[in-house]
Amino acid sequence: MEKEICWNITARCNQNCKYCHRFLNISDLSYEQNLSILNNLEESGINSITWTGGEALLLTGIDDLLECSYNKGIKNKIITNGKLLTKERIDKIYKYLDSITLSIDSVDDDINDSLGRGKCHFQEIKEILDYIKEKKYDIKIRINSVVCKNNSSNFNELVDFLNNYNIYSWRIFKFMPLREKAIINKETFDISMNEYSKVVDMIKQQSKIKNIDTRIEEDMEKKYVLILANGDIVITNNGKDEKVGNALFDSLSYLI
Ligand code: SF4
């Protein structure tokens, strides 16, 4: 199975999702070090990178790294909460991107606030979608959503909202208490497989989006190789994160 290379290029974030399972307290590398990793990825034969974080767009120099990666012929996918994706930024970087994945779990401001995304989150995502639609930019829009206790009964409204746009794919994550805050807040957000499946079934019936994809905990083990902000290469095995190298020095070719 082909694994997705997820480069968590910064651990910093400008949202505070209480279900977040990113690795915390890792410092950013310099631009030059990240460029070395990018060169290494190219030499390792990697032709597709998912840029994520934290919030990848917070990293100084990320726009230049995306351009450089694009010029190497690498397919760039970025996952963002959208807070820094201004119209000017979209105009600047869309040409380097194969897709933009926007994270949204609800159209309800109070629910978004309770999840830690903040009350403005829906409006910010809507403005981005409206702008890309208006400009007719040739870029795939993907959506990531997390289903948890707080939002599982409100997904119909999100389906209706997204049906107004030309969305390429929608990835529906079950809340996963993998590490850090997600473990601390497990009781607040955890849902059963049955509840999750009901939401997924409803989405598949009502959404106009053709590519609906699901993610549960075991997928995180099989489908991803993570590169952390310090370059560490991490895979997850039996629920445990395992460092298998550092992308500043080690080839990744054997992992793909
Ligand atoms: S889930 Fe994403 S947007 Fe939310 S705090 Fe974590 S990294 Fe930031």
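Remarks
- Among the residues of segment 1-27, those that are within 16 Å of Trp51 (Cβ to Cβ), near the ligand (Cβ under 8 Å from one of its atoms) and either surrounded by 17 or more Cβ atoms within 10 Å (Cβ to Cβ) or basic (Lys, Arg) (or both) comprise Cys13, Arg22.
- Qualifying residue in segment 119-131 (condition: of a type outside the set (Phe, Trp, Tyr), within 14 Å of the ligand (Cβ to nearest atom), in contact with a Cys (Cβ under 8 Å, 6 or more places away or on another chain) and in a helix (DSSP H, G or I)): no
- Within segment 207-218, the set of residues being surrounded by 14 or more Cβ atoms within 10 Å (Cβ to Cβ), polar (S, T, N, Q) and outside any loop (DSSP other than H, G, I, E, B) comprises just one member, Thr214.
- Just one of the numbered conditions (1) of a type outside the set (Gly, Ala, Ser); (2) crowded, with 17+ Cβ neighbours inside 10 Å; (3) part of a loop (DSSP other than H, G, I, E, B); (4) without any contact (Cβ under 8 Å) to a residue 40 or more places away in the chain is not true of Leu38: (3).
- Flag if Ser27 is over 30 Å from Ser152 (Cα atoms), out of contact with any helix residue (DSSP H, G or I) (no Cβ under 9 Å at 6 or more places or on another chain) and either free of Cβ contacts under 8 Å to residues at least 24 places away in the same chain or not in a helix (DSSP H, G or I) (or both): yes
- Filter result (surrounded by 16 or more Cβ atoms within 10 Å (Cβ to Cβ) and either polar (S, T, N, Q) or modelled with pLDDT of 95 or more (or both)) within segment 235-244: Thr236
- Selection count where residues are out of contact with any Ser or Thr (no Cβ under 9 Å at 6 or more places or on another chain) and either touching a residue at least 40 places away in the same chain (Cβ under 8 Å) or among the basic types (Lys, Arg) (or both), scope segment 189-201: 2
- Number of the condition not met by Asn112 [criteria: (1) under 19 Å from the mean Cα position of the chain (by Cα); (2) in a helix (DSSP H, G or I); (3) away from the ligand (no atom under 16 Å from the Cβ); (4) not aliphatic (A, V, I, L, M)]: (3)
- Conditions (1) under 19 Å from the mean Cα position of the chain (by Cα); (2) under 28 Å from Lys240 (Cα atoms); (3) more than 10 Å from the ligand (Cβ to nearest atom): number failed by Leu41: (1)
- Condition check for Lys77: of a type in the set (Lys, Arg), surrounded by 14 or more Cβ atoms within 10 Å (Cβ to Cβ) and part of a strand (DSSP E or B): yes
- Qualifying residue in segment 163-172 (condition: within 16 Å of the ligand (Cβ to nearest atom) and either modelled with pLDDT under 95 or in contact with a strand residue (DSSP E or B) (Cβ under 8 Å, 6 or more places away or on another chain) (or both)): yes
- Cβ-Cβ contacts under 7 Å between residues 6 or more apart (or on different chains), taken from a first residue in segment 45-58 that is touching a residue at least 40 places away in the same chain (Cβ under 8 Å) and in a loop (DSSP other than H, G, I, E, B) to a second residue that is surrounded by 20 or more Cβ atoms within 10 Å (Cβ to Cβ) and acidic (Asp, Glu), are absent.
The values are calculated or read from the model by the stated rules, or taken from the named source; none is laboratory data. The structure presented is a predicted model; accordingly, all values stated were derived computationally and were not measured. Methodologically, a virtual Cβ is constructed for each residue, glycine included, from the backbone with ideal geometry; neighbour enumeration extends over all protein chains shown.
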